[in-house]
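Everything below concerns the one structure shown next.
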Protein chains: 2
Amino acid sequence: MTSPEALLRHCPHFQVAIELVGRRWNGVILLALARGATRYGELRDAVPGLSERLLAQRLRELESSGVVAREVRPTTPVQIRYTLTESGAALVEAMRPLMAWADRWADQSAT
Amino acid sequence: MTSPEALLRHCPHFQVAIELVGRRWNGVILLALARGATRYGELRDAVPGLSERLLAQRLRELESSGVVAREVRPTTPVQIRYTLTESGAALVEAMRPLMAWADRWADQSAT
């Protein structure tokens, strides 16, 4: 990464990643999935304050971004499971250093 | 990080960090500083497409967030140097895994 072009080449991709994890609630939803929540009710309970409508919308967005997989099990009643895809699990890992930074420094930067 | 509270405890701090690096141009400005640009002109040249007004505004924001330091040297003419603070350098390091994720996966998630 030497030239401004190389720097900017990161910018659009980086912007997509940052907006994906930065969009309100996405980070906490991804973390809940990473900790094993798979059913809708488990996700809703893992993120108090998040409305059902918004959770459904965010899950659709995360699914269309390829970081969450939605599996429909043809049981009676039908069961739906949400899991992190490979890229989703990698995204959660990539978030951790930023979370650690936030824990260490955020009070300072929130002024 | 086990309980939803612990998850949410990260949320506000994490949100501050994500918005800091996610705010358009901040990531590229921080990277330019990390690569040694210190003077205003160097930063302006390192980020083609960024207006002088917006660069000045972003530098003020990054400075008030404590991740960039602004040093005024009383020479004639006066010289102003921008550098990453300790937390700024740590933030750039914390950004890298997300940039690597973006390089690897972003095309998929930009659909």
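Since every read-out is calculated from the coordinates, none of them should be taken as a lab result. As the structure is a prediction and not an experimental result, all values here were calculated from the model. Cβ coordinates were reconstructed from backbone atoms using ideal geometry, including for glycine residues, and neighbour counts include every protein chain displayed.
Things worth noting here:
- Counting charges near B:Ser51 (Lys, Arg +1; Asp, Glu -1) among other residues having Cβ under 11 Å from its Cβ returns a value of +2.
- Kirkwood estimate for region B:4-93, i.e. one over the average of 1/r between Cα atoms, Å: 13.9 Å
- Backbone amide hydrogens, once placed in the peptide plane, bring A:Val68 within less than 5 Å of A:Glu63, A:Thr85, excluding anything fewer than 5 places away on its chain.
- For the rotational copy relationship between A and B, the axis lies nearest to a chain A beta carbon, identified with its distance in whole angstrom as A:Gly22, 2.
- Computed over region B:4-93, relative contact order equals 26 percent, with contacts defined as Cα pairs under 8 Å that lie 6+ residues apart.
- Comment: the Cα-to-Cβ extended label point of B:Pro48, at 7 Å, lies 5.2 nm from its counterparts in the other copies, nearest first.
- Inter-copy spacing of B:Thr76 label points, which lie 7 Å from Cα along Cα→Cβ, given in nm from shortest upward: 9.4
- Net charge contributed by nearby residues that have their C-beta within less than 14 Å of A:Gly41 (K/R +1, D/E -1): 0
- Nearest-first distances (nm) between copies at A:Glu93, label 7 Å from Cα via Cβ: 1.9
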